[in-house]
Every structure is written in C-alpha cells, then in structure tokens.
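**Q** This is the structure, below, for whatever I ask next.
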Amino acid sequence: MADVTFLDRLSSELVGKYGSALSGIIIVLPNKRAKVFLIEALKKQLDATVFAPEIISIEDFIQDVAGIRSMDAIELLFEFYTIYLELTPKDKQQPFETFANWGKTLLQDFNEIDRYLLDPRHVLTYLENIQEIEHWAVDVEKRTTMIGNYLEFWKLLPLYYNTLYTHLLTKGAGYQGLIYREAVNNINHFSNAFKKEQLIFAGFNALNAAEEKIIQHLLSVGQARIYWDIDQAFLNDPYHDSGLFIRRFKKEWRQYTTQPFEWIVDEFSLQKNIKIIGTPKTVGQAKIAGEIVEQIRKEGQSLDRTALVLGEENLLIPILYSLPASVGSLNITMGYSSRNNPAQILVQKLFKLHTNAIGRSEKNYTLYYREVLDILTHPLVEPYAGAAYLVEVINRNNFTFFSLSKLFQIQGKASPFFRLLFERWENNAGQILARLSEILLSLKSFLSTDDEEDKITKAFLYSIFKVINKLINYYEVHPQMDNITVLHAIYKQVIELAEVSFEGEPLSGLQIMGVLESRVLDFENVIITSMNEGKFPAGKSQNSFIPYDVKRELGLPTYKEKDAIYSYHFYHLLLRAKNVYLLYNTESEGLDAGERSRFLTQLEIEKKPAHNLESGIYNAYLPDKAYEPMTVPKTEKVIDRLKEIATVKGFSPSALTGYIRNPIQFYYQRVLRIREAEEVEESIALNTLGTIIHGALENLYMPYIGKFLATHDVDNMTALVDDEVMRQFVLVYKEGEIRKGRNLLAFEVAKRNVHNFLKQEKQGLSAGDAVKIRALEQRYERWLEDDRLPYPVLISGNIDRIEERNGRLRIVDYKTGKVEKRDLTLKAWEGLSGDIKNEKIIQLLTYVFMYEQQAGGLETEAGIISFKNMKNGFMSFSFKDSYDKSISKDIVDSELLEEFKTQLIILINEILDKELPFVEKI
C-alpha cells in the first residue's frame, strides 16, 4: 500500500499506547473489509505474539449495543406486508407485487427517521398534513374515492410505523434505523456494563444522528477515542465537500475544546501522477482498465498495492473479461446486483416458459420454441442439459409450438437435470420454489471447487438460492401466495433487493471493489471507472416520500450530503495514492452516458503544484480500412476439390451465379461444403415460399407430362390447388405453425400465386396456344468441352419447366420475387460474368446450353415467370446489340449460344485458375 497508510499509523498508535494489552480494546471501523488489513498492519508493528484486539464494523457494534439482530431487506419487506394486511381493511388491501413498489420506499424513510432520531409521529403527521393541503381545494363532498383512499393512506403511516416497530422489537430483530434508535436508548446500560479498557473508533466521515450521540456519549465518559482521517486541504477549505461532515464535528463537538483533533494529515498535496482518461462506452473503460493493470504489472509494481474501484457495479463482468491473463489472484469485494446475475436470468427464463405454457393451453401445456431454446442455450444450462440433438431437431423441423410430451419424445432419455428444467409446473408456489431450489443445487453440483470462474458462478448461484429459500419460508407463513403469476411478481420485486457477495483473498492480488468498500484503505495505484455525473457522484435521485424541503428542515440527509459522502470517498482514494487513473465515458447520449464528473473538473481547477495531471481521450484502434476483404489462395487441396466439382458433381447455374455474387461465399458453400446453421423459421422465408410454390406446380402438372394441355386439364388442377399447397406446406415447413399470423398470410399468398398461374395458363389455351409439357423440375447434365479449358467441365442443374408452345421450345424458370423484362435484356457480351445484374441471364442461357442436345432442332426461347409480376406473364431473354440496333433476338440460336459459351469458359477458367485467389466482394 502507500508508504504509511492510515491503518499503519493507527497500528503504531495503538501498539505504542496499549502494547501487549491490545486484547483489552475494541476497534470499530466503518466496514468489515478493513478488519483484515488492520490485523496485517498490527502484525508489522509487533515483534511478539499477543492476543488481537476485537475489531468490528460500526453496524455490528451498534447491534451489540442495541442487543437486536439485523434483518435483511427481503425478510423485512415480508414482515412489513404482514403488518400491512393486519392494519388495512380487506377491501383496500393491495397484492404484494403492488405493495412492494411503495413498501420499499416507505421502509427507507422509516430507516432515515430512526437513524436521525426524529419523532416519527411528527414527521409522518407532517407528511399527512402536506397531502391534505395539496388537496384543500377539493371539497370534502366532492372528493373521489381515489382521493379519499390516497389521503387515508397518509393517515395510516404513523400506525404502520408504530405497529411494525413494536412487532420487530418483539422478534428481537429490526432494520438498521430501528437498531440505531434502540442502541441510543440502551447506551447508558451498555456504558455501565462495558468491561473493556477502551473503544477505538477509526476512519469515519459522515455520521448519522444516532452514531453521533452514541460516540459522543462514550467519548464524554472516557470509554472511547476517535481517530479521523482528513487532509488539511479539505478540512481548511470551507467550500470543499470532502470535509463537510468532519468540519462540523470539529467545530461542534464539546470535547474538541479541550482535546486535540486527531488526525489532520498533509498527504493530498504531495506528488501524484493523475491521468484523466475519456473513452467511448462502458466496454471502452473495461478495456483500458485491463491495459492499465497490465502496464502496472509490467513496470514491476505489485498488484497487491493496486485498487480497481468500480463507480458502477455493471462494469464488473466486462472488467473480469478485460483483465490480462497475467493477473494471478484478485479479490472482488463489492455488492453486485442480482438483476444481471446469470442464475437470476435463468430463473426468469424458467418463469417465462412455464407461465406462458400454462397460459397457452391448460390441457396440453404448450411450449414456445424460442423460450425452450433460451433455456437450453443459457450458459449455465447448455454444458449439462445434453440437448444438442433436441436443439437440432427443433431447428430442422421448424417446431414453433409443441407439447411437453413432444419435447420429451424428441429428447429421448432425459437426464434428471433436463427433467427438472422442463417438467410441468403445477400452479402451486410451494412446488415451484422447491423445483427452482433443486435446479440451483444441481447446477452447483456440476461446478468445480478449484476453478476460479466456477467460484464466481457459485457466488451467483448462492445469492439466488438464498432468495428462493426466503420465498419458501415466506410461502409457509403466507399461503395466499399460491399462484404462479403472483409468485413471479413477488420474485421480481425481491430480486431487486438481493446482492451477490464474492469471496477472495483480501491481502494478495488486484483488489476490485465498489466505492463504499474502499473506506479506510489506502493504495499506491488507484484506477476508478465511471467518473460521470449520475454515476460518480450518483446524482439527485430522490427515492423517498419525504420532500426535499422537509428533509432540509428536519435535518435529514439530501443529495447535497450524499454528494459530500461521495466526495470524501473519492478524495480519500486519491489521498495517499501515487498513480491515479480516472476513467470516464465520453458519450453524451445513450443508456450509460452522461457528462463527465464534476470531481474531474474540480481536480483540474484546484490542481496542486506537485500533481502531474494529464487528460486525454482514448479511442479504440481504428484501421485505415473499416474492413479488409478476405482473400483465400487456391492451394493444391482447393484445386483438387474444384476439379472434383467440375468433373463429378458439375457446376450448376446457381453455383456459377453464387461465385459472381461473392467468391468467398462460393468457397464456403461449394468448396468447404459449409451449410448455414439451421434455425427455426418462425415466419416463412421467401425462399421457403418459393419451394412450396415450385412443389405445388410440379405435382399439379405431373400427370400431364408428354401430352398437350386442354382447358379442362387446367380446371382439374385448379380444383386441387388448395389441398396441394397445404401438402407442400406440411412437407417443406414441417411442424411450423401455418394456421395463424404471418404464416397464414403466406399460405394464402402461395395459393393465390398458383391460382393466378393456372388462370394465365387457361387464358393462353383459350386463345389457341398449343402447349405440351416436356419436363418439370428435372435435372440435366452436359459436358462443356473446349480447348480453352484445362479439362472437360460438367454443367448440371434442375430446370423448373420445359414445354413446347406453338411449335417453339420454351425453357421456363419460376421466380417468387419480382423480375422485370429489363433484367433479361443483354446489350453486350463483354463483362457478362462480371456483373451480378446479369445473374438471371446467365442462369437461363446455362439451361439452354444444358438442354440444347435434347431440343431436337426446335427454336428455343428461355425466360422467367415472376409471381410478383404475373401480369407480364412469360418474360423471355432477348439480346439487343447496343452498337447495331438492327440486331435484336428473342430466340437463343447457335450463334448466341456460342457467344455465351465463350463467356461461360472465361468464368469457369477464373474459378479454376490456381493463380487467382478467392477474393471477397463487399
């Protein structure tokens, strides 16, 4: 730590004064964390073994004085609800989830009233009178039921307070304020019974009225001494908030008229290196904090003397991921909210799944795929559920809603843990809580006792386990909670009050802590994050029923006093530090944004001569190019695979156009054979809709292959459309839901498209067209042999429809999307394969090339029928020479096909050329 810390000086003082009789004193510190550090400091001062003094936190000491145990926030809220139900008429009682919203705030106000020893009847009646005055303009006769209930609530506050206070006293437990008030009442008795030699209070700053009264009493009777830790720079400046409280104590406490005020130090003005670093976003601060820690370690400094103080608890997880691997040991000591706890998120997901399952179908217990996958892919569940096959089946078969029995049928032999997660929840709070408790215990059993990451996970699990157990205890007393909806609402309320506690080795390694945990401790290197207004200091949040002006009048702390507390903690962290790094978010907009902290401006304006102060903005490294296109060279293995495609499977029209669209995509899909991961298609995608329409048309026309169509054939097909489209939906979309929502609309669109197609077909036949279907969805192959190619190449693919129409051969490609005639018009052969706009032309001409040998010399046209442009009917490929306007062809003759073959050979040579790498198009 710093050369001579406050605890070092305190140890020296105590050893000098009490020597080997240290066991005769009690040392009271602001928090529990400092105890270990004080014992270590005392060891350094002693050269012989002695009994250690008793070292406790102020809260534990006050509990000892009062003789009352502290009750945690969740238990207290339940106890208050019990009192509320007893005192409130049944017709006006609110459910717990509504009560908790205002109950938590009211308990905070009760706490403040008691800690500052105010007359509760006076304060609460004062609040009632304020509300009466606010509604004075409303005649008593004209007051609505709502106004009446509202004013009735304020009248009941003194009764709520007194009954709760008495109730808790009989249980021998209470909230902090009650314990403080009772400790003041009991201080004479405690003082008379005190057997130790001396009480030592050390390292305090702000004291509430109860603490002041207790400490002053013990000082006046000679049973206590108090050691402050304040720098003269803050104490002597009447406007510096860091000294706000201690200045008042020094001025007002009677004993300081005759006794010295200990201790005033002069440490802040000594040499310090202070760096103020701005960076965008929370994650930027985490990254920079990690880099600073690594830099400190590389400079040979011990991380034992380094504190990383988080101004905002949400930074903990990003910080842990940003710390360098070289950080051996670290100690986390801070309250971390359970809202972002992974175990809490899992419990919320379980509630969502089972609550919705009950709500969807009382009989079948219907599960929604996304809620199931949310649980199965949760990081606490995925390694242990053994459900990889289940996830694959859900994705592959488009399951959107399915029964619980279907889930277990797919899973097969389900593990006990899997069953715990998904077995039916009865609408019974006791059974649900028991199940959640079992799930958390199962997760604990999977974790290692040695792995550091698992230790953090266990801390997360334990905090939620405690909440669930408290709910079990409460349920036993209040069976009216017997409902999944109410239980979930209560869970959401109480989880706000739960915190995660971490265990670590406090004397070695990097110290990660919150602001309050830094009290009394001194470090050589200090890194503080979230130095933004609203974070550090916390801002003007007023979570209280007592208005600001009333607080000022009664002497209760307001945001002014809270800012002063933050100010003391901040400057105390800097007091004996040599290297200080202050990080803030430069973003002024967004969820985690805010102005930079006033403390930073204060440091700059009141800069001490010995302070080396630097300010800078650190942005993430940005390369000259946002993204460098990927390049993959063609190795021997790649060339071998390309030859295999070219000579065995063949290049399909879609493969060729895929290469034109993006060579890297071609490399992944065709060379490496990597398919896109299957996911549930909750809403039917355009390509799936196209597959359904293709399949329906194929099956409808199949009986008429090889014969000329008649209008009554089309009528027969029209009668079968609805059933055939439904059959294709079930075949292609498998278990997907098609009876409602977007999918029902897609189903109707598919039917409409097929009906419109047949309607157009009938119009053509009625107009005298002679149509004979030659082939449907058939695969064709043809070898492309040419001296310009390294070897013969196979061209293969499926053609949607081949027909003879009025003595001409017509090759048809169906498109679900919109295609215009201009997309099928070619003006020059050069650069055909270089522009993705020509992909449809390349596809059509490749079909003509593949079928040329079976065409039997018939004139051939190739074109597209676009279901989104059905009014244009069949749109054929045409060549219109941009240089010679007289050349315009709709028929693909041998001359056109030779020109196309030349372009096709250029494209295939590019694909096969070992010197040309695959280069990504962006």
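The values are calculated or read from the model by the stated rules, or taken from the named source; none is laboratory data. Please read these numbers as outputs of a predicted model, since none were measured by experiment. In this analysis, Cβ positions are derived from the backbone assuming ideal geometry, glycine residues included, and neighbour counts consider all displayed protein chains.
**Q** Within region 249-282, can you find the residues that are surrounded by fewer than 17 Cβ atoms within 10 Å (Cβ to Cβ) and among the polar types (S, T, N, Q)?
**A** 255, 257, 258, 259, 269, 271, 273
**Q** Can you tell me which residue is modelled with the highest pLDDT among those in region 101-150 that are among the β-branched types (Val, Ile, Thr) and in a loop (DSSP other than H, G, I, E, B)? Steps first, answer last, please.
**A** Of region 101-150, the ones among the β-branched types (Val, Ile, Thr) are 105, 113, 123, 125, 130, 133, 138, 140, 144-145, 147.
Those still in the list that are in a loop (DSSP other than H, G, I, E, B) too: 138, 140, 144.
Numbers: 138: 54, 140: 60, 144: 69.
If we take residues in region 101-150 being among the β-branched types (Val, Ile, Thr) and in a loop (DSSP other than H, G, I, E, B), then 144 is modelled with the highest pLDDT.
**Q** Give region 1-23 a look and list any residue that's outside any helix (DSSP H, G or I) and either touching a Gly at 6+ places or on another chain (Cβ under 6 Å) or within 20 Å of residue 264 (Cβ to Cβ) (or both), or say none.
**A** Within region 1-23, 2, 3, 4, 5 meet the criteria.
**Q** Could you tell me whether region 551-566 includes any residue that is under 26 Å from residue 594 (Cβ atoms), within 26 Å of the chain's Cα centre (by Cα) and crowded, with 16+ Cβ neighbours inside 10 Å?
**A** For region 551-566, residues under 26 Å from residue 594 (Cβ atoms), within 26 Å of the chain's Cα centre (by Cα) and crowded, with 16+ Cβ neighbours inside 10 Å: absent.
**Q** Additional query: Given the options 131, 108, name the one that is within 14 Å of residue 153 (Cα to Cα) and either among the small types (Gly, Ala, Ser) or surrounded by fewer than 20 Cβ atoms within 10 Å (Cβ to Cβ) (or both).
**A** Result: 131 is the single residue among 131, 108 that is within 14 Å of residue 153 (Cα to Cα) and either among the small types (Gly, Ala, Ser) or surrounded by fewer than 20 Cβ atoms within 10 Å (Cβ to Cβ) (or both).
**Q** Residue 870 fails exactly one of the following numbered conditions: (1) under 23 Å from residue 761 (Cβ atoms); (2) surrounded by 21 or more Cβ atoms within 10 Å (Cβ to Cβ); (3) hydrophobic (A, V, I, L, M, F, W, C). What is the number of that condition?
**A** (2)
**Q** Select from region 1-55 the residues that are aromatic (Phe, Trp, Tyr) and surrounded by 15 or more Cβ atoms within 10 Å (Cβ to Cβ) and write down the one among them that is modelled with the highest pLDDT.
**A** Step by step, filter region 1-55, then rank; the result is 6.
**Q** Which members of region 334-360 meet the condition of being of a type in the set (S, T, N, Q) and buried (at least 20 other Cβ atoms within 10 Å of the Cβ)?
**A** Pass one, region 334-360, residues of a type in the set (S, T, N, Q): 337-338, 340-341, 344, 348, 355-356.
Correct list: 338, 341, 344.
**Q** How many of the residues making up region 822-835 are surrounded by fewer than 15 Cβ atoms within 10 Å (Cβ to Cβ) and assigned to a helix (DSSP H, G or I)?
**A** 2
Yes/no per residue for (1) in a helix (DSSP H, G or I); (2) more than 28 Å from residue 448 (Cβ to Cβ); (3) modelled with pLDDT under 85:
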site: 354; (1), (2), (3): yes, yes, no
site: 359; (1), (2), (3): yes, yes, yes
site: 362; (1), (2), (3): no, yes, yes
site: 370; (1), (2), (3): yes, yes, no
site: 375; (1), (2), (3): yes, no, no
site: 378; (1), (2), (3): no, no, no
site: 390; (1), (2), (3): yes, no, no
site: 393; (1), (2), (3): yes, yes, no
site: 398; (1), (2), (3): no, yes, yes
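**Q** In the set 78, 61, which member is in contact (Cβ under 8 Å) with a residue 24 or more places away in the chain, aromatic (Phe, Trp, Tyr) and outside the structural domain of residue 24 (by TED's automatic domain parsing)? Give the derivation first.
**A** Values: 61 fails: outside the structural domain of residue 24 (by TED's automatic domain parsing).
Of 78, 61, the one residue that is in contact (Cβ under 8 Å) with a residue 24 or more places away in the chain, aromatic (Phe, Trp, Tyr) and outside the structural domain of residue 24 (by TED's automatic domain parsing) is 78.
**Q** It is to be established whether one or more residues within region 762-778 are surrounded by fewer than 13 Cβ atoms within 10 Å (Cβ to Cβ), among the charged types (D, E, K, R) and within 30 Å of residue 656 (Cβ to Cβ).
**A** No - not one qualifying residue is present in region 762-778.
**Q** For region 168-185, which residues satisfy the criterion of being surrounded by 16 or more Cβ atoms within 10 Å (Cβ to Cβ) and of a type outside the set (A, V, I, L, M)?
**A** The answer is 174, 175, 176, 177, 180, 181, 182.
**Q** Could you list, in sequence order, the residues of region 288-310 that are over 20 Å from residue 334 (Cα atoms) and not hydroxyl-bearing (Ser, Thr, Tyr)?
**A** 288, 291, 292, 294, 295, 296, 297, 298, 299, 300, 301, listed by residue number.
**Q** Please specify each residue of region 677-727 satisfying the condition of being modelled with pLDDT under 85 and among the hydroxyl-bearing types (Ser, Thr, Tyr).
**A** 683, 688
**Q** Test residue 358 against the stated conditions and say whether it is more than 25 Å from the chain's Cα centre (by Cα) and among the aliphatic types (A, V, I, L, M).
**A** Criteria met by residue 358.
**Q** Free of Cβ contacts under 8 Å to residues at least 60 places away in the same chain, exposed (fewer than 14 other Cβ atoms within 10 Å of the Cβ), among the acidic types (Asp, Glu) and out of contact with any Ser or Thr (no Cβ under 6 Å at 6 or more places or on another chain): is that true of residue 294 in this structure?
**A** no
**Q** Would you pick out the residues in region 411-469 that are under 27 Å from residue 483 (Cβ atoms) and assigned to a loop (DSSP other than H, G, I, E, B)?
**A** Answer for region 411-469, where residues must be under 27 Å from residue 483 (Cβ atoms) and assigned to a loop (DSSP other than H, G, I, E, B): 423, 424, 425, 426, 427, 428.
**Q** If a residue counts only when it is in contact (Cβ under 8 Å) with a residue 24 or more places away in the chain and within 20 Å of residue 800 (Cα to Cα), which strands (runs of 3 or more DSSP E) contained entirely in region 849-894 have at least 2 such residues?
**A** Hits in region 849-894: 860-866, 874-876.
**Q** Something else: Which of the residues spanning region 788-807 are of a type outside the set (A, V, I, L, M) and either in contact with a Gly (Cβ under 7 Å, 6 or more places away or on another chain) or closer than 17 Å to residue 897 by Cα (or both)? Walk me through how you get there before you give the answer.
**A** First pass over region 788-807, keeping only residues of a type outside the set (A, V, I, L, M): 788, 790-792, 796-798, 800-801, 803-807.
The answer is 788, 796.
**Q** Please tell me if residue 48 is over 30 Å from residue 266 (Cα atoms) and not in a helix (DSSP H, G or I).
**A** Taking the combined requirement at face value, the residue satisfies it.
**Q** Follow-up. Given the conditions (1) in contact (Cβ under 8 Å) with a residue 12 or more places away in the chain; (2) farther than 29 Å from residue 477 by Cβ; (3) among the acidic types (Asp, Glu), and given that residue 450 satisfies all but one, which numbered condition is not satisfied?
**A** Every condition holds for residue 450 apart from (1).
**Q** Please go through region 567-614 and give me each residue that is among the aromatic types (Phe, Trp, Tyr) and either at pLDDT below 90 or not in a helix (DSSP H, G or I) (or both), ordered by number.
**A** Filtering region 567-614 for residues among the aromatic types (Phe, Trp, Tyr) gives 568, 570-571, 581, 584, 599.
Passing the criteria: 581, 584.
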